[in-house]
Amino acid sequence: MPHALTELKLTEVARAAADPIQEIGTDVCVVGAGIAGLSAAIESARLHRDVVLVDSLPLIGGQMVHSLIGLFCGVFGNAPGYAQLTHGVFDDIFRDLAGELHFQRGHTTTVFYNEVALGRWFERTVREAGIRTILGTVLLRAGLSDGRVEAIDLASRYGDVRVRAAGFVDASGDAALTWQAGLPCWVPERTIYGSQQVIVENVDENHKPEPGEIDAMLAARGEEHGLLRRGGLAFFFPGRGTAVLNVTHIEAPLDPVRASQAQFDGRDQADRAIGLLRSEFPKAFGEARVRAYGFPGRRQTRWIKGRHQLAAGEVRAGTRFTDAVARTAWPIELHDRADGYVWEMFGADHVHYVPLRSMTPPGAHNLVAAGRCVDGDAAALSSVRVMGPCAAMGAAAAHALDLAAGKDGSVHDIDPGRLHQRLAPNLD
Ligand SMILES: Cc1cc2nc3c(=O)[nH]c(=O)nc-3n(C[C@H](O)[C@H](O)[C@H](O)COP(=O)(O)OP(=O)(O)OC[C@H]3O[C@@H](n4cnc5c(N)ncnc54)[C@H](O)[C@@H]3O)c2cc1C
């Protein structure tokens, strides 16, 4: 109901000579609110830790929600058993969002999700868990002293914030926290491509191309249409008239100017690919329109140098480490060529593992990485960076910090037996 205009006074304000920095103290500070960081934050809160979750985006969800990935991979084992390999947050999502998911069985089980419903689910879950979020804040500095990260400084449009914490999780995807702490990281010697994901609407799923047809068409005609990637996939969400297109390759530079340019290049590539789909598959895509472009998708950019580098040989052999904390059966999927990618699948009973040592930089006692910035050679990381193992690593980071809590505790001295006991559903 409208009210009569009353006197509304104004207060004059001016910036102080030295900007005050808001200080926040907590048990666990998680940098990065993608699937890995969300899993770490939620698990830490369930362990009764006070948690601060930070992201440079103004929203939580990371690539899972905002790059429009649309499909959980690596959560289940291969056919014919299709065992669920990661539980935790996935059990909750599968229970609460049943109507917003579609399970598809092929060489493994993948799970299509409605990214809007999933994003809201995480927002509710984070709030109910009492996690404090500081969004739209970019990590500027990380103070490392005597082998411990003591505090991080963040910049936001509303002013600067300092977060002091007993333990930190680097779930930034680009190892931003480890990098700012001055600890060694890896970058690949040649580009590992990201993709510009797109959701198109007005598609007719009754005429969707057979598996492999889109890939073959883009391989045959991509070059003449100026496409960098000569192949791709469309994931039709049953009953919605929409499809997620993963049909581009874009560079994922760490340089801010080039990164911004790559974003526009990616949208151009997506538009060209959609034009081609419209003309080549008119029954399925003839009326297709872009509903949303995702934020640029980044696969492997910069990652931590941990105590152990997971090797492709260990992935192929399914090496079970004494400090294993996460597992998956997802293939090696290395996008290190502009026109395509390496795809190496594994057998029926295959499972491979991530050890805690690949998540812990040797130079810090209270820092654990999780998600796509843990230590692996390029091929090994290309398999364990999918969302199933990313969530498992997030949960493991929470437990590692919980077990290492205390003034002089170290994530390098955790009893692997105790850690295993806590993570058993994701390992056995
Ligand atoms: C195009 C593409 C398609 C893919 N397809 C699939 C698929 O079908 N299924 C699947 O399971 N996986 C897929 N993946 C892989 C998977 O999506 C990602 O590896 C995974 O989502 C990574 O999760 P994360 O939590 O480690 O990182 P991210 O989701 O990248 O989250 C990192 C967060 O950290 C924040 N951040 C970064 N730097 C800073 C900073 N300096 N300060 C503050 N915040 C910061 C970012 O804003 C971001 O929100 C795909 C990846 C890409 C790029």
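Looking for something touching a helix residue (DSSP H, G or I) at 6+ places or on another chain (Cβ under 8 Å) and at positive phi - is there at least one such residue anywhere in region 240-253?
Checked against the condition, which is being touching a helix residue (DSSP H, G or I) at 6+ places or on another chain (Cβ under 8 Å) and at positive phi, region 240-253 yields at least one hit.
Restricting region 1-47 to residues that are surrounded by fewer than 10 Cβ atoms within 10 Å (Cβ to Cβ) and of a type in the set (K, R), which is nearest to the ligand (Cβ to nearest atom)?
Ranking the candidates gives R15 first.
A259 fails exactly one of the following numbered conditions: (1) more than 24 Å from the chain's Cα centre (by Cα); (2) assigned to a helix (DSSP H, G or I); (3) modelled with pLDDT of 95 or more. What is the number of that condition?
With (1) more than 24 Å from the chain's Cα centre (by Cα); (2) assigned to a helix (DSSP H, G or I); (3) modelled with pLDDT of 95 or more applied to A259, the lone miss is (1).
Taking T109 as meeting all but one of (1) within 11 Å of the ligand (Cβ to nearest atom); (2) without any contact (Cβ under 8 Å) to a residue 60 or more places away in the chain, write down the number of the exception.
Tallying (1) within 11 Å of the ligand (Cβ to nearest atom); (2) without any contact (Cβ under 8 Å) to a residue 60 or more places away in the chain, T109 fails exactly one: (1).
Would you say E287 is at pLDDT 95 or above, in the same structural domain as G241 (by TED's automatic domain parsing) and surrounded by fewer than 16 Cβ atoms within 10 Å (Cβ to Cβ)?
Details: at pLDDT 95 or above: yes; in the same structural domain as G241 (by TED's automatic domain parsing): yes; surrounded by fewer than 16 Cβ atoms within 10 Å (Cβ to Cβ): yes.
Yes.
Inspect region 58-74 for any residue being polar (S, T, N, Q), over 19 Å from V374 (Cα atoms), near the ligand (Cβ under 8 Å from one of its atoms) and buried (at least 20 other Cβ atoms within 10 Å of the Cβ) and give the result as yes or no.
yes
Does region 144-153 hold any residues that are within 15 Å of V169 (Cα to Cα) and either within 15 Å of the ligand (Cβ to nearest atom) or among the charged types (D, E, K, R) (or both), and which are they?
R148, V149, E150, A151, I152, D153
Mind listing just one residue for me: the one in region 161-202 that is away from the ligand (no atom under 13 Å from the Cβ) and within 20 Å of T133 (Cα to Cα) and, of those, surrounded by the fewest Cβ atoms within 10 Å (Cβ to Cβ)?
Ranking the qualifying residues of region 161-202, first place goes to R164.
The values are calculated or read from the model by the stated rules, or taken from the named source; none is laboratory data. Quick caveat, the model's predicted, so the values are computed rather than measured. When we count neighbours, we look across all protein chains shown, and the Cβ atoms used for this are built from the backbone with ideal geometry, even at glycine.
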